[in-house]
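> Questions regarding the structure given below will be posed in turn.
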């Protein structure tokens, strides 16, 4: 509709795909500033769309899908190995090693970012009147 102006932003067309998918009961494709593998997993996992179309991530990085597979540790799909061109075969192992290191660093950062429970005041026991 001419007079309506959509709000552009991350995954901005996904609500439209979700509405059509559930209202009309047909498969839909989500598009519109989907840039991370986590966003794709969230959209598909939450049944907001049946497929995600990624344009800019693949234009920016032709190996986006392979890097996402490395991030999640996917080496086989439906029992078949991911096809790597012979010229890039040595890069496959490097990709998985780098992704494992990156995932370990992210896990370490997440662990360090968790609040330390020792710094919270403990509740007083009303019967004893002392701090436990």
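The values are calculated or read from the model by the stated rules, or taken from the named source; none is laboratory data. Given the structure is predicted, the values throughout are model-derived calculations rather than measurements. Quick reminder, even Gly has a Cβ in these numbers, built from the backbone with ideal geometry, and neighbours come from all protein chains shown.
> Of the conditions (1) without any contact (Cβ under 8 Å) to a residue 12 or more places away in the chain; (2) part of a helix (DSSP H, G or I), residue 18 fails just one. Which one is it?
Of everything listed in (1) without any contact (Cβ under 8 Å) to a residue 12 or more places away in the chain; (2) part of a helix (DSSP H, G or I), residue 18 misses just condition (1).
> Residue 67 passes all but one of (1) assigned to a helix (DSSP H, G or I); (2) under 18 Å from residue 33 (Cα atoms); which number fails?
(2)
> Still on this structure, I have one more. Out of the residues in the stretch 70-110 meeting the condition of being in a loop (DSSP other than H, G, I, E, B) and surrounded by 10 or more Cβ atoms within 10 Å (Cβ to Cβ), tell me which one is farthest from the chain's Cα centre (by Cα).
Among residues in the stretch 70-110 that are in a loop (DSSP other than H, G, I, E, B) and surrounded by 10 or more Cβ atoms within 10 Å (Cβ to Cβ), the one farthest from the chain's Cα centre (by Cα) is 84.
> Right, something else. Out of 50, 33, report the one residue that is on the phi > 0 side of the Ramachandran plot, surrounded by 11 or more Cβ atoms within 10 Å (Cβ to Cβ) and touching a residue at least 12 places away in the same chain (Cβ under 8 Å).
So the residue among 50, 33 that is on the phi > 0 side of the Ramachandran plot, surrounded by 11 or more Cβ atoms within 10 Å (Cβ to Cβ) and touching a residue at least 12 places away in the same chain (Cβ under 8 Å) is 33.
> Go through the stretch 5-30 residue by residue and tally those that are loosely packed, with under 14 Cβ neighbours inside 10 Å, within 28 Å of residue 103 (Cβ to Cβ) and in contact with a helix residue (DSSP H, G or I) (Cβ under 9 Å, 6 or more places away or on another chain).
The total comes to 1.
> So residue 39 passes all but one of these: (1) touching a helix residue (DSSP H, G or I) at 6+ places or on another chain (Cβ under 9 Å); (2) farther than 22 Å from residue 71 by Cα; (3) surrounded by 14 or more Cβ atoms within 10 Å (Cβ to Cβ); (4) modelled with pLDDT of 90 or more. Which condition number does it fail?
Residue 39 satisfies all of (1) touching a helix residue (DSSP H, G or I) at 6+ places or on another chain (Cβ under 9 Å); (2) farther than 22 Å from residue 71 by Cα; (3) surrounded by 14 or more Cβ atoms within 10 Å (Cβ to Cβ); (4) modelled with pLDDT of 90 or more except (2).
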